[in-house]
Amino acid sequence: MARPRKPPKWLEAARHRASEDSGDWLARALSRAGVSPFGEAERLVQAGRVTVEGKVVRQPLAPLQLQARVEVDGQPVDVRPTTRVLMFHKPAGLVTAASDAEGEGTVFEALRRALPPSLQGYGWHAVGRLDRDTTGLLLFTNDERFVAHATQPQTHLPKRYLARVGAAVTEEKLAKLRAGVEVEAGVTSRPAQARAPEKDVVELTLTEGRYHQVKRMLNAVGLPTLALHREAVGGLVLDVAEGDVRELVEDEVRGALSYSPRCG
Ligand code: URA
């Protein structure tokens, strides 16, 4: 499978600048505030249905001060950022991408089907990615800063996986996984926790998330992955049925995910 391409540096820098507290782009602020997902927010703006400080603005990428008075169809909208985080139980078969050339579907489509109407209007970002065949805990958020927090290796947010493997798990292999194995040329995995709750199952807890990290680590010690499930991120343990979603409460975001949510 082709490795996902990183966005160019200028785009990352622009996104970072635009997610500063001082302001944002109009359409993105509307989608972050739950008015409508980004594409629809762009169309709302272009249709002249959005005013800023009493003036119609038709440019979706117009800069917006977050204290500005914004109205959509004459109704006031609070565009100050408020963090929302969702726990989703990803079924196998779905890609963590905006579209699926193979037609099996994306996690974003499945999320929209599962969401209550009160959460439909947000622009949701997946927090990291799970492979198509991986099941389990996938977080979504409306806050790009939370994505950066949860995915950057410096945060050391542990992620716990269960893998069913196609060979016998030995203490020697577990010891190698704990110490670190080469996952790509010249790159060794960080020390990890590893144990075998069953003879063909490995529970692996990692604080990094490179591309195909778990499968590569297991392969490196002669354990091909047959099935992979993520059951925990930080202190948060998956507790919804496959295909279901729930919103996290503020204490979970602060405590289990070590993040100070933005509260308007
Ligand atoms: N590591 C993998 O190999 N795949 C996943 O989906 C997640 C972590």
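We did not get these values from a lab; they are worked out from the coordinates using the rules stated. Here the structure is a predicted model, which means the values were calculated and not measured. FYI the Cβ positions are ideal-geometry reconstructions off the backbone, even for glycines, and counts take in every protein chain you see.
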key: Residues with amide H under 5 Å from that of T82, placed H, sequence gap 5 or more   = G264
ask   = Over what distance in Å are the Cα centres of the range 103-177 and the range 21-72 separated?
value = 30 Å
task = Order by neighbour count: D143, D131, D24, fewest other Cβ atoms within 10 Å first, most last.
result = D131, D143, D24
task = Counting other beta carbons within 10 Å of each Cβ, put L111, L61, L218, L119 in order, fewest first.
result = L61, L119, L111, L218
query = Restricting to the chain, what percent of DSSP beta bridges are antiparallel, rounded to 5?
reply = 95 percent
key: Approximate spin-label separation H156-Y211, in nm, with each point projected 7 Å along Cα-to-Cβ   = 2.8 nm
Spacing of the two label points (7 Å from each Cα toward its C-beta) at R69 and E250, in nm = 2.7 nm
ask   = Can you list the residues of the range 139-174 with backbone N under 11 Å from a point 7 Å past the Cα of R190, pointing along Cα to Cβ?
value = 151-159
request  = Determine, for each peptide in 201-214, 79-92, the mean count of other beta carbons within 10 angstrom over its residues, then list the peptides with the highest first.
outcome  = 79-92, 201-214
request  = Find how much the distance from A97 to Q46 grows on full extension, using 0.36 nm per residue of separation minus their present alpha carbon separation; answer in nm with one decimal.
outcome  = 15.7 nm
request  = With a ≥ b ≥ c taken as the square roots of the eigenvalues of the C-alpha gyration tensor of the range 158-233, please select rounded if a/c is under 1.5 and otherwise prolate if a/b is larger than b/c or oblate if it is not?
outcome  = rounded
